[in-house]
Every structure is written in C-alpha cells, then in structure tokens.
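In what follows, a single structure is set out as structure tokens and then discussed.
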Amino acid sequence: MALWGGRFTQAADQRFKQFNDSLRFDYRLAEQDIVGSIAWSKALVTVNVLNSDEQQQLEAALNALLEEVRASPEQILQSDAEDIHSWVEGQLIEKVGALGKKLHTGRSRNDQVATDLKLWCKMQVEALLGATRELQQALVVTAEVNQDAVMPGYTHLQRAQPVTFAHWCLAYVEMLARDESRLQDTLKRLDVSPLGCGALAGTAYEIDRQQLAGWLGFASATRNSLDTVSDRDHVLELLSDAAIGMVHLSRFAEDMIFFNTGEAGFIELADKVTSGSSLMPQKKNPDALELIRGKCGRVQGALTGMMMTLKGLPLAYNKDMQEDKEGLFDALDTWLDCLHMSVLVLDGIQVKRPHCQEAAEQGYANSTELADYLVAKGVPFREAHHIVGEAVVEAIKQGVALEALSLAQLKQFSTAIEEDVYPTLALQSCLDKRNAQGGVSPQQVAYAITEAKQRLA
Ligand code: ARG
C-alpha cells in the first residue's frame, strides 16, 4: 500500500504507478535510508515522540533490515513499493508492527530523500577519490620506468618537440590531481545535513538538527528548509566533476589509441584489454580505451539533463527532482568503472622504445633547438626562426634530418652555424635543456615523480 492512501478513493492506474515509482533505481539508497531512519528515531526520543524502549526496538529492527539489505540488495526489487522510503517503512512495520508507524513523525520523504542521496554521494565520492588516486599511482609507476623513453610530442597532431613517455604520464597525473581536488571541494559543500527540514517549512518538533547531523556523520545541518528540500547542487557538482574527469579519461584513451596504432607504434596494449575481429584474424583492437572514450558522452548527457531538469523549477520540492538519481548513478558508476579500467590498461602496456625514439628523431622535432642555437650566437629569434624554416625546407627536399645536413650546407643558411651545432641537435640535448619547472628534462621529470609519489603516499 502507498504511504498516502487516505486521501484517495480510487486506486492508481497501473500505468501511472509504473511511471511514478522510483524503487527500481532508488533501491540503491536502501542502506542510507535505514541509517537515516535510525538517526531520526533517536531524534524522536529527544522530543518525546518515542520512549527509549521503543527507539531500541526500532533500531534493532532497522539494523536487522540493514543486514538483510547488505546481504542481498536486489531482493528489494521484488516489492511493488513506490520507492525506497516506502519500502523501508513497510519492512519495519512488518517487523515491529504498529510501532513502526510512528517513525515518520515530523519527517517527510522530501528531507529524507535529500539526506539519503547526500549520504550516498559521500560514500561514492570516497570510492572515486580512491580510484582517482590509484590511477595517479599507476601513471607514476609507468612514468618511473619510462623516464628515458623518448617520443615525439605533438601540437596539431604534428610532431613538435621531443618529450618522454614519463612526461606524458605525468601530464595525466596533473589532470587527475585536479579531479581529486574538485571532488574534495564538492564533498565540503555537500557535507551538510538536510534531515529535520520536513516537507519544506521545517519540522514541527524541536529537534537539535546539529546533533542529528553529527549522528549521521555530517559536518553541520542546513540553514534553510525551503532550500534544503529543493537543493540538488551536489548532484550538479558531482556530475560536473564526472563530466570533467571523463573528458580527461577520454583524452588519455585517445592518446593511447593513437600510440597503439600501426602508424605510430609507440606502445603495445596487453591482450587482456583488447579484443579481436570476427572477420579479420590480424586485428587486436583497443576496445577498453575506445569504450572509455565513448562513455564520456553519456556522462556529459547526464550533466546537461540534470541542469535542464532543475532549470526554472519553482521552490520547493517537485517530482521532477526524482529524475536526479538515474543520471547521477549512471554517471558516477561509469566514471568509477573507467578509472578502474584505465589502471588495468596501463598495467600491461609495453612501450616500444626504439620505435618511439625513431619517430622522435624524424619530423624535425629539433628545429627549435637550431633556432635557440642561433639565438645563442647573437641572431635575433625572429630571424633565427626564418633561417631554420629555410633549412627545414632544404632537409625535407633531401629527405634527411637537420643534423644530416653537412656544415657547409648549414652555413648556406647562416654563417653563424659552426661545428658545435651537432651536439645541440641531438635528442638528448633537446630534453636536457628544458629544465625550467615543469619541463621535460630528466631532472625535472625525476623531481615531478618524487613529488607526486610523496603526495600520493
Ligand atoms: N521518490 C521521491 C524522489 O526520489 C521521493 C520524494 C517523494 N516526495 C514527494 N513529495 N512525493 O524524489
């Protein structure tokens, strides 16, 4: 039976009931609903709605239910209860009889669902923080063993300047560190308890809401009841954290997909995260990475969807807000899965150093060095840039690298060029020189690895 039958003389149309019910997705809030209910029962003792004996009975029954739910959460789906709040209350009444009917005194499903969802978010954020750090750790480990793996760095997907595989890994560590700090910011703002705000105007029982918040592990209680039951900023913030996090993972995936192509051949992915073709026997496809890249779309969709659901909603609670859950659950599940999958992909990659090195040596990635060399000889940079451009055209015409041009040939472009130009053009020198903070020099990369390790320890 619905929680609100008294006002109605006709039963709900089955089609409407199906349309309206949320149990099939909000059953995931069962643990939070039970924990919130235990805290509420304690609050009811402080305002003499329950005596402590009654409270203990309720608490024992709710704890028993918690055990059952933990053992098999899917059992909830067998019920035709409207939502998880109705289900928990129904189960409680089945266990303790009429006493169970006292629990909802002074409480509304509006402050209840807001509380449940925030408790769930807090739990999920912990899991996401853990996974974000795990991936950073995996990237640091990969960086550490690939400090001397030189490969081309790109802009416009054109070979630009040499970098190392380690430096590339550390770039993603930075993105993930920002994702981590975004989650922590979100956590701070969402750590405020809605319970005790009633339907919209506050509860009529003089409950100490700060104390209640403390029992539930919240840092404090909200300040305005109207806002509390209609606020879903934490959902928006988490979806936005997820949207940005997934953009990062999709770029990570795309880079790796490219590195793994026959054309680039910088890495080889492990068999355990690739799949074959039903037709072409030679294929080994980077499905794990393509799915990470692809799943980014649905997470962006969830954020946009929720923004639109909330836009223009009048205060306070409206049923529109029930639409907050499916998108949030899916987006955060997807993000967590993709973080885990990224760790798995990194675990078995093989960096093909000779190939990376060869590619870094081609494509005139040391042109900037030649320009800097001329600058050191007193040529203004703009002029040096032009001179090197001409030298590159000539080298391309001959089909050779810059350093393969003879000194006599190079001198045709600038008389400032001497024999000492050749060491400058070596790949290692290109790396060594970039020694300002954040650069690709071995020293900077080693420092970045140590620093990241300390932060992640
Ligand atoms: N299932 C509802 C939701 O998820 C619970 C709150 C219902 N409140 C109400 N006034 N009908 O939003």
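Values in this text are rule-based calculations from the coordinates and carry no lab data. Here the structure is a predicted model, which means the values were calculated and not measured. Heads up, the Cβs are rebuilt from the backbone with ideal geometry, glycines too, and the neighbour counts pull from every protein chain shown.
Residues of segment 248-299 that are among the hydroxyl-bearing types (S, T, Y) and over 16 Å from L339 (Cα atoms): T261, T274, S275, S277, S278.
Could you go through segment 318-337 and let me know if any residue there is in contact (Cβ under 8 Å) with a residue 12 or more places away in the chain, within 16 Å of the ligand (Cβ to nearest atom) and either among the hydroxyl-bearing types (S, T, Y) or not in a helix (DSSP H, G or I) (or both). Checked segment 318-337: at least one residue is in contact (Cβ under 8 Å) with a residue 12 or more places away in the chain, within 16 Å of the ligand (Cβ to nearest atom) and either among the hydroxyl-bearing types (S, T, Y) or not in a helix (DSSP H, G or I) (or both).
Okay, residues lined up against (1) crowded, with 21+ Cβ neighbours inside 10 Å; (2) among the aliphatic types (A, V, I, L, M):
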site: D111; (1), (2): yes, no
site: L128; (1), (2): yes, yes
site: V141; (1), (2): no, yes
site: P162; (1), (2): yes, no
site: W168; (1), (2): yes, no
site: R189; (1), (2): no, no
site: S193; (1), (2): yes, no
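Inspect segment 267-275 for any residue being among the charged types (D, E, K, R) and within 16 Å of the ligand (Cβ to nearest atom) and give the result as yes or no. Scanning segment 267-275 turns up no residue that is among the charged types (D, E, K, R) and within 16 Å of the ligand (Cβ to nearest atom). Scan segment 186-223 for residues that are among the acidic types (D, E) and in contact with a helix residue (DSSP H, G or I) (Cβ under 8 Å, 6 or more places away or on another chain) and the total you get is 2.
Apart from one condition, L92 fits all of (1) within 16 Å of the ligand (Cβ to nearest atom); (2) under 28 Å from R209 (Cβ atoms); (3) in a helix (DSSP H, G or I); the exception is (1).
Screening N48 on (1) crowded, with 16+ Cβ neighbours inside 10 Å; (2) away from the ligand (no atom under 16 Å from the Cβ); (3) not in a helix (DSSP H, G or I) shows it passes everything except condition (1).
The residues in segment 68-89 that are more than 16 Å from the ligand (Cβ to nearest atom) and of a type in the set (A, V, I, L, M, F, W, C) can be counted, and the count is 2. Test L315 against the stated conditions and say whether it is assigned to a loop (DSSP other than H, G, I, E, B), in contact (Cβ under 8 Å) with a residue 40 or more places away in the chain and touching a Leu at 6+ places or on another chain (Cβ under 6 Å). Judged against the criteria, L315 is a match. Just give me the residues in segment 420-457 being acidic (D, E) and out of contact with any helix residue (DSSP H, G or I) (no Cβ under 8 Å at 6 or more places or on another chain), in sequence order. If the condition is that a residue be acidic (D, E) and out of contact with any helix residue (DSSP H, G or I) (no Cβ under 8 Å at 6 or more places or on another chain), then D420, E451 are the ones that fit.
Just one residue in the set A114, A98, A127 is aliphatic (A, V, I, L, M), farther than 21 Å from V45 by Cα and more than 14 Å from the ligand (Cβ to nearest atom); that residue is A127. Within segment 419-457, the set of residues being touching a residue at least 40 places away in the same chain (Cβ under 8 Å) and in contact with a Leu (Cβ under 9 Å, 6 or more places away or on another chain) comprises V421, T424, L425, V440, P442, V445, A448, I449, A452. For L344, state whether it is in contact with a Leu (Cβ under 9 Å, 6 or more places away or on another chain) and either away from the ligand (no atom under 16 Å from the Cβ) or of a type in the set (A, V, I, L, M) (or both). Judged against the criteria, L344 is not a match.
Taking every residue in segment 356-380 that is surrounded by fewer than 17 Cβ atoms within 10 Å (Cβ to Cβ) and pairing it with any residue that is of a type in the set (D, E) and not in a helix (DSSP H, G or I), at least 6 positions away or on another chain, the pairs with Cβ-Cβ distances below 9 Å are K377/E418. What residue, among those in segment 213-266 that are aromatic (F, W, Y) and crowded, with 21+ Cβ neighbours inside 10 Å, is farthest from L135 (Cα to Cα)? Here the answer is F218. Within this structure, H156 fails the test of being more than 26 Å from W335 (Cα to Cα), within 16 Å of the ligand (Cβ to nearest atom), of a type outside the set (D, E, K, R) and surrounded by fewer than 19 Cβ atoms within 10 Å (Cβ to Cβ).
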